[in-house]
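What follows is a short report on a single structure.
The values are calculated or read from the model by the stated rules, or taken from the named source; none is laboratory data. Only a predicted model underlies this, so the values are computations on that prediction, with no experimental measurement involved. Using ideal geometry, Cβ is built from the backbone for each residue, glycine included, and neighbour counts are taken over all protein chains shown.
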């Protein structure tokens, strides 16, 4: 028997699905449309980009993988009672870009409106076979779609199972109400009570009124006669009605000991006030494959490196950072991998070529005592004085 009703991917839909599967992205199917086929049952065509005569388009209610066939996706939409007044003979699925991904025909049915004297909620479902269900996802706005009874029933079962599990764990816990303090200590029944701590105790034990009264008595008893009352203390503090704010503002202007001087606004001014105006300090330092460097507060730069690239007895040194001017304050220390011993022939020297010195590096001629080219490495140091 010839198949009369079927669904298929459109050419655009097949291309989008293949692209999503190849790139590992998701094809977001967002809407379903229904139409009357122009008055006759249509035959779906993969080249279609729209329904023949679309009557309604709205967000999907559900998109799921068929439990009986993992290669099939089921798209579902609920048409409420208030929508209708048209025949349904064709169905289309659209993605987030408005492209028709799939098209199908269906047994023709009339969707009435309430105004016509008969109304019903109708579920339209399309089952589509795809090559990769992982590349298909549903994107909906929950505030504008309806839920089927089965969807709600399944959700209720899932929530109930979760609630039962949480409640079972709660009942099985030794102390499920950790937010409440135990009644053993302290006692919070009747008048709250707590043991009186020993005088001078500074632990986390509660301080009751007896402890506080004793501490205040000890404080005033040890104070000089001129400061053993609150009035005398207030007078000594200048009777400032905003004493707390005054003290906090004063403390806010103090240096933070935890910052170890990093909050000093002007280090040079600070050193000058300490009588250390000529003191120098490192403002920045760093290292890379070419060597290490330090920049001092007066602008001087020190850097060093070792084992430059040597080709044909010519060493090429690249500074770890560029310097502001060409300098000659460069020294070289020769290096040997092992003790040269008594063999004079193993001795070598490296000489800086003055005409190669730039702000980014220099070259040096490396030569053995025998006159042959040397490939032994060396260490170098540079000092760039302040401008």
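In table form, for the structure just shown:
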quantity	calculated
Residue satisfying condition, being surrounded by 15 or more Cβ atoms within 10 Å (Cβ to Cβ) and at pLDDT 90 or above, within set 31, 62, 72	31
Qualifying residue in the range 34-46 (condition: in contact with a helix residue (DSSP H, G or I) (Cβ under 8 Å, 6 or more places away or on another chain) and either modelled with pLDDT of 95 or more or assigned by TED's automatic domain parsing to the domain that holds residue 14 (or both))	yes
The range 2-30: number of residues that are closer than 24 Å to residue 124 by Cβ and not in a strand (DSSP E or B)	13
Selection status of residue 211, over 30 Å from residue 123 (Cβ atoms), surrounded by 10 or more Cβ atoms within 10 Å (Cβ to Cβ) and at pLDDT below 75	no
Strands (runs of 3 or more DSSP E) lying entirely in the range 274-372 (those with 2 or more residues that are within 20 Å of residue 382 (Cβ to Cβ) and modelled with pLDDT of 90 or more)	282-288, 291-296, 301-306, 314-318, 330-334, 348-352, 361-368
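Let's see how each residue does on (1) modelled with pLDDT of 65 or more; (2) over 35 Å from the mean Cα position of the chain (by Cα):
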position: 128; (1), (2): yes, yes
position: 136; (1), (2): no, no
position: 160; (1), (2): yes, no
position: 169; (1), (2): yes, no
position: 174; (1), (2): yes, yes
position: 187; (1), (2): no, yes
position: 197; (1), (2): yes, yes
position: 200; (1), (2): yes, yes
